[in-house]
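Worksheet: the structure to be examined is printed underneath.
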Amino acid sequence: MAQTQLAILLTSAALVVIGLYSAIFIDNIIKKIIGISFIEEGANLFIVAIGYKPGGVVPILMPGMDTSWFAANAAYPLPFGLVLTSIVIGASTLAVMLALVMVLYRRYGTLSTSVMLADTSKQEEYDE
Amino acid sequence: MLEFVLMIIIILSAILALIQKDLLKAAILTGFSGGALAVLFQILLAPDVALTQAIVGAAIVPVFIALAVKKTQREDS
Amino acid sequence: MNELIPLMVIVPLMAALLISAFSKFNKATKIFAFVVALCLPIIPIASHYGLHYFGGYAPIMDNVTNVMYHPAITYSFTFLQQIFIAMLGLLTFLVVFIYLTKYKKVSGPYLFLLFLGTAAVTAMLLTDDIFHMFVFFEILALAQVGIVAASSIDYSYEMALKYMILGSIGSPMMLLGIGFLLALTGSVNVTDIAAAVHNGLVDATSPVFLLSLGLIFFGWLYASGLPPFHTIKSGIYSKAEPHGAALLQSFTVVSMISIVLIMFRIYSTLPIFEVLVVFFSILAMILGVSLALTQTDFRRMIGFLAVGELGFIGLGIGLGTQYAVTAGLFQALNEIIITALLFIGFGAIVNATDEVDTRKLGGLLAYHPKVSIMLLIAGLAMAGVPPLSGFQSKLMLVQASLNCGFPEISILAIMVSIATFVVFVKTYYTMFLKPKPRELELEKKEVPRTMIFAMGILLIIVILLGIFPDIVTAGISNFVGGIL
């Protein structure tokens, strides 16, 4: 089962790398934001993988379960709780970014980052 | 075996989403990636996280992106 | 009365939600916001020191291994937290007060953002739980972006979006770092992690531990605006409303010290940690001052000077002795007050003249004498002129670096102080003393009285801390002795 864990870690690393690449190098702002959501997903997957126990059970104590058997076999639930929060934070950050993009599109009429987010100090001099 | 298939779906749809010319397709592929991740969370013994990820990753995030695309422009120029 | 400890976060958070929900009742919102803002500095002063366990889960002693576990989210409240939260509360009060009197019709969402930021920063300072800190770090980033985007200054949306994109690259990095720490120790409580590291349960030289340091350090650089994020940080200061910028810089300083103290407790066994902190601090000092010299927009200049001052805080903490860390924290407290005073004062000038370019200003001393004199004192305090508060903390820093055996760093610190002085005096001369340019038309516009009131209060604190630094440094020194 160690193979599965290794594969999961590789998947999360791949998601983070894909996301970082797109956040840094892709010019289109919406694709940048999609890439950022992939970085967050990769981080979440990594933290869930910490709590995973190969061959274990879901960490919910059902009536009739032996407590010591449960303690030995259940997955570690703390990371799962953390990831719940982190998913929701990621979604809200994404929503705020998209809202800002929609406002800026009305002003510039393009989604290109190099036009939209050019160095603002230079723009001010250009305006004068 | 299912988990390996899911991992391949996640990574492939992530890469495909970023090379699309049509941003609406990119939004839908993001939803694919998020949904597959939700099933993967279920396999990793985290059903509560899987439920949240299924709602947020497979429905809310693609819908937000699709709305933003609808209000702006569809082609990646 | 340890019940007051969670209230420090809950009161601004609830106030934020209520204000944004009922913002159509203008008068009631104003009164409510004023009362809550007045409560903010009072609660930490009235509260007693101690620990608060959420849900009442007290620490558990493992009888087999003799290790203490903290199952609950823990808030620890000591002198350091008290003084910083009280100062932050006072600043929030003054900023909300200025905002309420400036506009007839207040905006509920804007007050929401101000209170949300205060609540987030307070929680970051109080918490002993690294994931809790991360959650409020994200909330703080959202609040900062909102405060910038809500201002009516040109290009504020662009700056907000840029800051947000950088932030959403930085915060998953920090989350990954927290994940590595969680994988190594199985806990997110800082006391537990630090105990595991110091007892040798975690291999301090393992690459995973180093990688977690790198990732959390990246998040810290973003939160505190040290290089390579110094341009964006000074940018958001200049794009926010002046009173908003006064609050934003205090958020930056407090989040910087709260994250660096957590890192200090976990990673102090690694020598590379201190080297990294000192390196980036020195870089921030040099870059901040030299970039401030080239600016013509005086808000941007204060932003870069503020980044340069952040370097002094990092320097004190990076040196790592009790005296040095005390000096760094004292410098942080001084910087919160002095930079807020400068932002509010220069905001008053923007308010009165509608001009931010220093080349087009001049001769303002005759028109706004009170503001000019208070700004001069604040600038001298920032540059470290005796007997003001900036002098005391910088003197402590120079002594600390001499004691640690780094005379080079103390010479550099003195040089940066002198450069700060030069930059400030140059700008002050062109704005206030130089004869008025002929094109500049000054209407008889009064500076709002609340701004002068706020500046007066902050100035009293600056002078008080300059003459009696012991009332703060003794308590901070005790705290630092506890975490070393």
So, in the stretch C:314-359, how many residues would count as being outside any helix (DSSP H, G or I) and under 20 Å from C:Leu293 (Cβ atoms)? 2
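So, C:Phe180, is that one among the aromatic types (Phe, Trp, Tyr), more than 9 Å from every other protein chain (Cβ to nearest Cβ), within 19 Å of C:Val260 (Cβ to Cβ) and surrounded by 19 or more Cβ atoms within 10 Å (Cβ to Cβ) or not?
Working: among the aromatic types (Phe, Trp, Tyr): yes; more than 9 Å from every other protein chain (Cβ to nearest Cβ): no; within 19 Å of C:Val260 (Cβ to Cβ): yes; surrounded by 19 or more Cβ atoms within 10 Å (Cβ to Cβ): yes.
Judged against the criteria, C:Phe180 is not a match.
Just for helices (runs of 4 or more DSSP H) wholly inside the stretch C:176-289: which have at least 1 residues that are touching a residue at least 12 places away in the same chain (Cβ under 8 Å) and of a type in the set (D, E, K, R)? Please lay out each step first, then the result.
Values: elements: C:190-198, C:207-224, C:230-239, C:242-267.
By residue number, C:190-198, C:230-239, C:242-267.
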If you go through the stretch C:192-216 one residue at a time, how many are surrounded by fewer than 23 Cβ atoms within 10 Å (Cβ to Cβ) and under 20 Å from C:Val121 (Cα atoms)? 0
Tell me which residues, restricted to the stretch B:67-77, are within 7 Å of chain A (Cβ to nearest Cβ) and either touching a residue at least 12 places away in the same chain (Cβ under 8 Å) or surrounded by fewer than 19 Cβ atoms within 10 Å (Cβ to Cβ) (or both). B:Val69, B:Lys71, B:Gln73, B:Asp76
Can you tell me which residues in the stretch B:36-66 are surrounded by fewer than 23 Cβ atoms within 10 Å (Cβ to Cβ) and of a type in the set (S, T, N, Q)? B:Gln42, B:Thr52
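Okay, residues lined up against (1) under 26 Å from the mean Cα position of the chain (by Cα); (2) within 8 Å of another protein chain (Cβ to nearest Cβ); (3) hydroxyl-bearing (Ser, Thr, Tyr); (4) buried (at least 18 other Cβ atoms within 10 Å of the Cβ):
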{"residue": "A:Ala75", "(1), (2), (3), (4)": "yes, yes, no, yes"}
{"residue": "A:Pro79", "(1), (2), (3), (4)": "yes, yes, no, yes"}
{"residue": "A:Thr93", "(1), (2), (3), (4)": "yes, yes, yes, yes"}
{"residue": "A:Val96", "(1), (2), (3), (4)": "yes, yes, no, yes"}
{"residue": "A:Met102", "(1), (2), (3), (4)": "yes, yes, no, no"}
{"residue": "A:Tyr105", "(1), (2), (3), (4)": "yes, yes, yes, yes"}
{"residue": "A:Leu111", "(1), (2), (3), (4)": "yes, yes, no, yes"}
Within the stretch C:331-356, residues surrounded by fewer than 19 Cβ atoms within 10 Å (Cβ to Cβ), farther than 30 Å from C:Met256 by Cβ and touching a residue at least 40 places away in the same chain (Cβ under 8 Å) come out as C:Glu355
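Considering every residue within the stretch C:152-166, establish whether at least one is away from chain A (no Cβ under 14 Å) and at pLDDT 90 or above.
Within the stretch C:152-166, the subset away from chain A (no Cβ under 14 Å) is none.
Taking every residue of the stretch C:152-166 in turn, none turns out to be away from chain A (no Cβ under 14 Å) and at pLDDT 90 or above.
Filter the stretch A:11-29 down to residues that are more than 15 Å from the chain's Cα centre (by Cα), surrounded by fewer than 16 Cβ atoms within 10 Å (Cβ to Cβ) and assigned to a helix (DSSP H, G or I) and give me whichever is farthest from the other protein chains (Cβ to nearest Cβ). I'd like the intermediate steps shown before the answer.
Our first condition is that a residue be more than 15 Å from the chain's Cα centre (by Cα); within the stretch A:11-29, this holds for A:24-29.
Filter once more, so that each one left must be surrounded by fewer than 16 Cβ atoms within 10 Å (Cβ to Cβ): A:24-25, A:27.
Narrowing the set further to residues that are assigned to a helix (DSSP H, G or I) leaves A:24-25.
Working: A:Ile24: 8, A:Phe25: 10 Å.
Residue satisfying both the conditions and the ranking: A:Phe25.
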Of the numbered conditions (1) within 7 Å of another protein chain (Cβ to nearest Cβ); (2) outside any helix (DSSP H, G or I), A:Ala118 satisfies every one except a single condition; which is it? (1)
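Within the stretch C:93-101, is even one residue in the same structural domain as C:Ala245 (by TED's automatic domain parsing), more than 22 Å from the chain's Cα centre (by Cα) and either closer than 21 Å to C:Pro242 by Cα or surrounded by fewer than 18 Cβ atoms within 10 Å (Cβ to Cβ) (or both)?
Scanning the stretch C:93-101 turns up at least one residue that is in the same structural domain as C:Ala245 (by TED's automatic domain parsing), more than 22 Å from the chain's Cα centre (by Cα) and either closer than 21 Å to C:Pro242 by Cα or surrounded by fewer than 18 Cβ atoms within 10 Å (Cβ to Cβ) (or both).
For the stretch C:367-389, enumerate the residues that are in a helix (DSSP H, G or I), touching a residue at least 12 places away in the same chain (Cβ under 8 Å) and not polar (S, T, N, Q). Let's see the steps before the verdict.
In the first step, residues of the stretch C:367-389 are kept if they are in a helix (DSSP H, G or I); the result is C:369-383, C:389.
Subset that is touching a residue at least 12 places away in the same chain (Cβ under 8 Å): C:370-372, C:374-383, C:389.
Matches in the stretch C:367-389: C:Lys370, C:Val371, C:Met374, C:Leu375, C:Leu376, C:Ile377, C:Ala378, C:Gly379, C:Leu380, C:Ala381, C:Met382, C:Ala383.
For the stretch B:1-29, what are the residues that are among the acidic types (Asp, Glu) and under 21 Å from A:Asn28 (Cβ atoms)? Break it down into steps so the answer makes sense when it comes.
Within the stretch B:1-29, the subset among the acidic types (Asp, Glu) is B:3, B:22.
If the condition is that a residue be among the acidic types (Asp, Glu) and under 21 Å from A:Asn28 (Cβ atoms), then B:Asp22 is the only one that fits.
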Check A:Phe80, A:Phe70 and return the single one that is in contact with a Pro (Cβ under 8 Å, 6 or more places away or on another chain) and assigned to a helix (DSSP H, G or I). A:Phe80
Answer yes or no: is there a residue in the stretch A:48-69 that is free of Cβ contacts under 8 Å to residues at least 40 places away in the same chain and among the hydroxyl-bearing types (Ser, Thr, Tyr). yes
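The values are calculated or read from the model by the stated rules, or taken from the named source; none is laboratory data. What you see is a predicted model; the values in this text were computed from it and never measured. Counting neighbours? That spans all protein chains shown, and the Cβs are built from the backbone with ideal geometry, glycine included.
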